[in-house]
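Below is one structure, written out as structure tokens; the observations come after it.
Computed from the coordinates by the stated procedures, all read-outs in this text should not be read as laboratory data. Everything numeric here is computed off the predicted structure, so don't read it as measured data. Please note: Cβ atoms are built from the backbone with ideal geometry, for glycine as well, and neighbour counts cover all protein chains shown.
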Amino acid sequence: MIFHDALDIAEIVRQLLEEGWEIHPEDLAHIAPYPTEHIKRFGEYSTHELGIEPEAYDPKLDVDFTQLRDQEPAASGFGERDLLVGADGVGSAVRQVLTPRTNPRDTGVRFVIGRTPLTEQFAGLSRAYGGKIVGGGVSLLLGAMRFPIPPKEAAEKLAPEVTLPDIHDYVRWAMVLPPNGSLDTSTAQETALSRMKGWHPDLRALIEQADPDNSTLLPIGVVEPGERWAPGPVTLLGGAIHATPPTGGNGANTGLRDADLLGRCLIEAAEGRQDPLTAVDSYERQMFEYGGEAVRHSLAALPAFVPNLERPEPA
Ligand SMILES: Cc1cc2nc3c(=O)[nH]c(=O)nc-3n(C[C@H](O)[C@H](O)[C@H](O)COP(=O)(O)OP(=O)(O)OC[C@H]3O[C@@H](n4cnc5c(N)ncnc54)[C@H](O)[C@@H]3O)c2cc1C
């Protein structure tokens, strides 16, 4: 699950190379899931590692939606004005206005996520990388991130204008806690270690030696696309309308699919092959279908990661 995006992309790139396509670093920079500014990788951003704090933003959108909602789309001049795309994630302010009854639902499941430098000490764990260790009502997922070239060095060679963090091979670990798992004041590491009494010393050391700035405790919420709104000049994309638990490894991919589909629908409108309202409607109808399916798929996969969890029903 953890490296789905990178593995899938690497596989496709290999196929393209075999077919004789030339792939350049710039091409990869466009599609690579890491590093990136917008796709969360375990809930973090590369800027975190650079020590750059994102600028504060006001979560309330300064947009008056009432004029749009009170007018017929044709009367509002839709087609000549911009389309507002709410791509603002699971807590979407745009969604709260557009479809106020579509709310995030807490699955109760908690993720503790961290990363630890990949040292010789953890060589013995290599068979567990890419796997799942289950015990004491939790599961621990491990993945080794080995850089053929450390990112900072790669950027200096390939794209000197880009500054990447000076990080080296690490083990990414994620512990899935059952409902009612602690979200109290303990640190992420303390929470994980409290569930690992009697576990192998190397596994405990892995958590103890984690980078605290890259370890965190997350509630897992879902947003299921349910109520359709009348198509108009405001729409939603990605986690704002279909937030999936990470157990499907499909959240970011589905968001990218939205962007691609919406883009193609809008091009059709711009080329006069369908009117803008029909284009947005077509996007939303398809997105609701596969977005809902992505959420159901990830929810169905949850119990396999949380021992003793009853299968959560879609809302
Ligand atoms: C632990 C974990 C592991 C995951 N693993 C995978 C995986 O392996 N594969 C996969 O495909 N998906 C995975 N996902 C899911 C993936 O992270 C999400 O599906 C994806 O980030 C959703 O993208 P998005 O752009 O819709 O929303 P987000 O990534 O949440 O982006 C929304 C952006 O909007 C910004 N924003 C919000 N409100 C405002 C505002 N008012 N003004 C300005 N900006 C605002 C936010 O700061 C944020 O940058 C995982 C998620 C988690 C939590």
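Other residues lying with their Cβ under 14 Å from the Cβ of Ala259 contribute a combined charge of -2, Lys and Arg counting +1, Asp and Glu -1. For Pro212, the shell of other residues with beta-carbons less than 12 Å away shows a net charge of -3, using +1 for Lys and Arg and -1 for Asp and Glu. For Glu22 and Ile149, the difference between the fully extended length at 0.36 nm per residue and the C-alpha to C-alpha distance is 43.7 nm. Modelled this way, with points 7 Å down the Cα-to-C-beta line, the labels at Glu190 and Glu161 are 4.6 nm from one another. Considering the range 107-220 at the alpha-carbon level, its Rg and Dmax are found to be 15.5, 48 Å. Contact order for the range 107-220, expressed relative to its length and based on alpha carbon pairs under 8 Å spaced 6+ residues apart, stands at 45 percent. Applying both filters, DSSP loop and at most 13 other Cβ atoms within 10 Å, to the trypsin sites (Lys or Arg not before Pro) of the range 243-312 gives Arg273.
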